[in-house]
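Input: a single structure, listed below in structure tokens.
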Amino acid sequence: MSDISHLIQFLFSGITVGSVYALIAVSLVIVYKVSQLICFAQGEFFVFGALTMTTLVSKGVPVPLAFFLSIIIAMVLGALIQQVLIRPMKNASVGALIVMTIAISLALRGLALLIWGRESHVLPPFSQGEPIQVLGAALQLQILWIVGITAVVLFLIWFFFEKTPAGIAMRACAENPYGASLMGINTQKTTLFAWAWGSGIGALAGMAVAPMLFTQYTSGVMPMVKGFIAMSIGGLGSIIGSVIAGLLLGLVESYTIGLISSKFSDTIVFALLMAVLVFRPNGLFSRS
Amino acid sequence: MNALKRYWWLILLAAIAVYPIIGKPSPYRSGLLIFAGIYIILAVGLDLLMGYTGQISVGHAAFFAVGAYTSGILTAKYGFSPAAAMGVGVVFSATLAFLTGRPVLALKEYYLAMATLAFNEIVVTLIIGFEGLTGGASGLRDIPPFTIFGFSLLNHLHYYYFVWIVVVLVIASSIAVVRSPFGRALIAIHSDEQAARSFGVDCAKYKTRAYMLAAVYASIAGSLFAHYMGFIAPDDFGILTSINLLVMLFLGGIGTIFGPALGALFLKLLPEVTYQFQDYELLINGVILIVVLVFFPRGLFGILTALKNKIVPRTGK
């Protein structure tokens, strides 16, 4: 392999990982926008998505059906959690809310352990075929799926928030819940909807990478932390910002692992996060 | 009854002192209580920062790591005495907290949570990265047991007493801190930073000091942990440990000192009861925490105080 092909290979893996981070960050942002809450249980939806789909596919359910069923299950789970556990905590402090979502993540992880056991599971790739050769670098077909899914999801989110009444209502709730409710928007329903969306996208991220990963009940922690980083670098409430930050994060990680050091790639990423938080607390892309 | 209300902590002290004599615990049992004690030190320190000063930290295990690794490396590789190494760890942690405190604590709520989380990960990845010094991911071994004045605390009961004396000192000093003018300034910052500032409280300075104090306690806990285990690995000090500490605080009742101590004790002894449910353990832990958060926002300590007030009605003075 030549140097160019190495660089391209790192690009591929960077975009793959970055897309996953971007999806998780977006799922966090959607929940954050309407609930002003960062959900520490988001990594669990990643795991539930991946493992539900793996189980369904191994039981002989056709891949497209398994795909949509897994998303719907995650959405219902997310909505249920919002309705039953988060809503009663309306007046709690940020610390208490964080610990509540931690408690939920513990319970969900415990549930995943009961359902899927301690072993790792791998999903077959969405489509069979040889990797495509690009200037000496191998492009696995699943990477195309991951990037494609990310692009479609981002387009749908953009369309939803900009063009549909429900999306505009959701933005209104994020801006000013009281004002929105005066305008006749059902804020509770909108919040519920946002949680369903967020959980679904979190699950989707897990499903998309499931063929490239050994997923087990504890696999959600690191993707979630990276999603947090992307979200914080992008400026907590910004979908576009967190997508760019997620992709950037994936690329930085991939190139530092490839070119500098695999040992310190996480040190660099987290130092980057601290620097952004301290020097640009509203995100890297905000106009201050 | 009034005497009981005032001196209940003496009964607690007596129970801690007498337990090994009456209970004759196995090394395993006393080991559990040693761990619980170490986590109580961590939780009480974090309570000063979170419960009283109102500053979230999702990275407190970073200072636990600094204490443990300073002690471990200096005693195992450079022949320091454990007490001296513990002292170096304390100074090192306090300096680190002093240097990072101001910029990090200028952040609020989620931003602060993310920054402390990042700090924790940086410390852990550095420990993993500098393999030559720290043993890397596979851990640091051959850490000698603690010695005081040449007397080695090899016996588990000796170490039990040593750790719990430190626990009592940490709790007593924390109560003294909270009742001091410094503590009142911290509480003022918690309830309203703007107002505190307009009354002349230098918020950044006080927040950094609270952070340093919490870091010092965590560092001591780390040293105690390293010498008890004889072996430490980065896994013991990651974000999950920090998150566990948060859980202890809220489970026990944040901002009460005794609450987080109770939370730590409860969470460290709970596996003794739930281990028999094996795979259900994680789910049970999560559900207990959810139930406490939803129905008892003041935590286990809140439940106890409510019970006590029922049994011993408040007398008007």
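Each reported figure results from applying straightforward, stated rules to the coordinates on display, with no laboratory input. None of the values given here were measured: they were computed from a predicted structure. All Cβ positions, even for glycine, are placed from backbone atoms using ideal geometry, and neighbour counts span all protein chains on display.
Sequentially through the range B:98-110, phi angles give Karplus couplings (6.51, -1.76, 1.60; θ = phi - 60°) of 5, 6, 8, x, 4, x, 6, 6, 6, 7, 10, 6, 5 Hz, Gly and Pro residues having no value and appearing as x. Under Stokes-Einstein, with the Kirkwood radius over Cα pairs as Rh, the value for chain B at 10 °C and 1.306 mPa s is 78 µm²/s. Once the C-beta distance of A:GLN133 and B:GLU131 is scaled by a Förster radius of 35 Å, the resulting FRET efficiency is 0.45 to the nearest 0.05. Comparing A:VAL276, A:VAL134, A:VAL153 in a Gaussian network model of chain A where C-alpha atoms under 10 Å apart are linked, the largest mean-square fluctuation is found at A:VAL134. For the range A:21-216, the fraction of C-alpha pairs farther apart than 26 angstrom is 37 percent. Could you please state, rounded to a whole Å, how far the C-alpha centre of the range A:82-151 is from the C-alpha centre of the range B:40-102? The two parts, judged by their Cα centres, are 34 Å apart. Spatial offset of the range A:2-78 relative to the range A:230-288 amounts to 19 Å, using the alpha carbon center of each.
Rounded, prolate or oblate, given the Cα gyration tensor of the range A:100-186, with a/c below 1.5 counting as rounded? Since a/c reaches 1.5 but b/c is at least a/b, the shape of the range A:100-186 is classed as oblate. Of B:LEU300, B:LEU13, B:LEU33, the residue with the greatest mean-square motion in the GNM of chain B, using alpha carbon springs below 10 Å, is B:LEU13.
Among A:HIS121, A:HIS6, the ranking by other beta carbons within 10 Å of each residue's beta carbon, starting with the fewest, stands as A:HIS6, A:HIS121. Only helical runs count toward this figure. For the protein assembly as shown, summing -39,500 (n - 2.57) over DSSP H runs of n ≥ 4 and dividing by all residues gives -24500 deg cm²/dmol at 222 nm.
Listed from fewest to most Cβ neighbours within 10 Å, the set B:ASP192, B:ASP236 follows the order B:ASP192, B:ASP236. Using only Cα positions of the range B:67-219, each an equal point scatterer, no hydration layer, compute I(q)/I(0) via Debye at q = 0.08, 0.15, 0.18, 0.19 Å⁻¹ and quote the log10 values to two decimals. For the requested q values the scattering log ratios are -0.31, -0.96, -1.18, -1.24.
If only the Cβ of Lys and Arg carry +1 and only the Cβ of Asp and Glu carry -1, the dipole of chain A around its Cα centre is close to 660 debye. Cα-based radius of gyration for the range A:1-54, normalised by 2.2 N^0.38 Å, reads 1.57. Spin-label pair B:ALA176-A:ILE115: with each label point 7 Å from Cα along the Cα-Cβ axis, the two points sit 5.3 nm from one another. Shape of the protein assembly as shown from the C-alpha gyration tensor: prolate (a/c of 1.5 or more and a/b above b/c, with a ≥ b ≥ c the square roots of its eigenvalues). Structure remark: mean-square fluctuation, Gaussian network model of chain B, C-alpha springs under 10 Å; the largest value among B:ASN244, B:ASN120, B:ASN155 belongs to B:ASN155.
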